[in-house]
Amino acid sequence: MAFRGPQVQFGCNCAGEAHIMRIEIGKMARDPSYKTKSKTHNCLIQFMMSLIGSPLRRLRRGDILQRGMLEGGMEGLPECRWSNYGWAQENNQMLKFPDYAELATQFPWTIKIGKGYYADFALASKGLYGCGPSFGWWTEPSCVARDTRILYLHRETPYTEKQGWKLPDEEMPWLEFDPSKDKVPPQRIADFEDSWTSYYKWRGLPMSSPAAFRLHWPLTIYRILRELGIKPGTVDNRKTIKIHLVGPENRKELAILPVFGELALLFPYSDLRMTLISEETFLTVSTARRRSLARQPFAYKYTAPESIGRGSIHITLDSQNRVYAPFGYGEIPDVIIGLHAGLTNPEWIPVIHGSIRLDIPFAVTEYVETCMSVNDDALIKTVLPEGLRALTEHAPTETEAIARFEQAMLIPERKRIFNTFMCPGLHWPQRSLLPYAHNSWIYIVHTKTST
């Protein structure tokens, strides 16, 4: 196994972690039987403990999770018989490791540890795991969250594609095409199967490229739009698609806005108008200097070549609203999307109510399937009944909206899709013991009922 030269900086824990991961990767390369060890992060244990009994029982079950990880590495996890403790749902999630692994093995350089393929280790093996501007789109998220001085949108000039991607030319998903330099656009309008292999072939990328570890953000939106029945325009009928992206974070979407330019290639004969709305978006703009990217009319814009439909995308940062409620917002979008929404958080209640009341398609992504079962339960028991009650009391003449709420309450389980355009590597279990990845599941909250 060959590694690119390390670019390790020790200004924070993230860079130190990158260095440690490279050491671990080297050990695995020299000794295939070597099992890397990691301390288990408390987040999942705390989540599980909130679902079960007494403090004493909580401690014991947390210890079981820790011991399963520390004694057996990733190989030991499936032997943690969570179902013996009433955790059948979580045990079923552990059985999905092969589904995630099948996606990862499309890429020949991904790194397997036990039963899973992990994104951080894969990126570290290519020298793409660290912090600061020298890592472009690969900057380790927690650094961005801690230090607002290095926010990408606080820059006055955007990265060049080379500065952002940090990849060899042949592995770059170019958007600024130049045939004289072998930077050529796809040879036909978007046409590929729902797999990274098929997409890479259409895009002209070798499978050695790690670009999918960032392209999963726009490709997931592409998949959501398709699932909601939102199609591109045509040669004779160009269309505008208004997207409200709710809840973006500095350590995720806001840090890589130019990567979303890929959507212009995927939606030919279409003008995408994407508005980003969240607390972090509001703060990013309010703390930015006047000439920064965050203060421009469009934080990012791009138009694809004429040969593949001249699709365009314009991204606006909402500088007026910390939270989002579709009803009363002003612009009614064609679709509402939340990536890693955490739909049971209270701030999503007005979004859910507004999407149904105004008949706006709405979908979110989640890390694990378990979250969607929790979503279904919350919607049926509390969120939808509360919305229906408020609507019948305060707007009884909105009979169509009331009917939509009543119909929505009859759906015990909403559509969920295992997203084949998710990030092809799992999170390391410092963050969770369940197999989970960015954008791994799509959850359809509401589909448009009127024409």
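Every number in this text was worked out from the coordinates using simple rules, so none of it is lab data. Just so it is clear, the model here is predicted, and its values are computed rather than measured. Positions of Cβ are generated from backbone atoms using ideal geometry, with glycine treated the same way; all protein chains shown enter the neighbour counts.
Values computed for the structure shown
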item: Rel. contact order, % - alpha carbon contacts under 8 angstrom, at least six apart, the stretch 206-446; result: 20 percent
item: Of LYS27/LYS252; LYS201/LYS231; LYS126/LYS252; LYS112/LYS162; LYS115/LYS166; LYS239/LYS448, pairs whose Cα-Cα distance is over 25 Å; result: LYS27/LYS252; LYS112/LYS162; LYS115/LYS166
item: The stretch 191-230 residues near the modelled PHE418 label - backbone nitrogen below 17 Å, point 7 Å along Cα→Cβ; result: 194-197
item: Cα-Cα separations in the stretch 206-446 greater than 33 Å, expressed as whole percent; result: 19 percent
item: Approximate spin-label separation ALA378-ASP359, in nm, with each point projected 7 Å along Cα-to-Cβ; result: 2.8 nm
item: Taking N as its residue count, the alpha carbon Rg of the stretch 293-410 over 2.2 N^0.38 Å; result: 1.28
item: The stretch 363-451, relative contact order in percent, only Cα pairs under 8 angstrom and at least six apart counted; result: 45 percent
item: Coordinate range along principal axes, alpha carbons of the stretch 231-319, Å, largest first; result: 43, 23, 19
item: Of the chymotrypsin sites (Phe, Trp or Tyr not before Pro) in the stretch 324-391, those whose Cβ has at most 13 other Cβ within 10 Å and which sit in DSSP loop; result: none
item: Ordering of 442-448, 397-403, 317-323 by packing [mean C-beta count within 10 Å, highest first]; result: 442-448, 317-323, 397-403
item: ³J(HN,Hα) computed for each position of the stretch 316-332 - Karplus, 6.51 cos²θ - 1.76 cosθ + 1.60, integer Hz, glycine/proline x; result: 10, 9, 6, 9, 10, 10, 7, 10, 10, 9, x, 6, x, 6, x, 6, 9
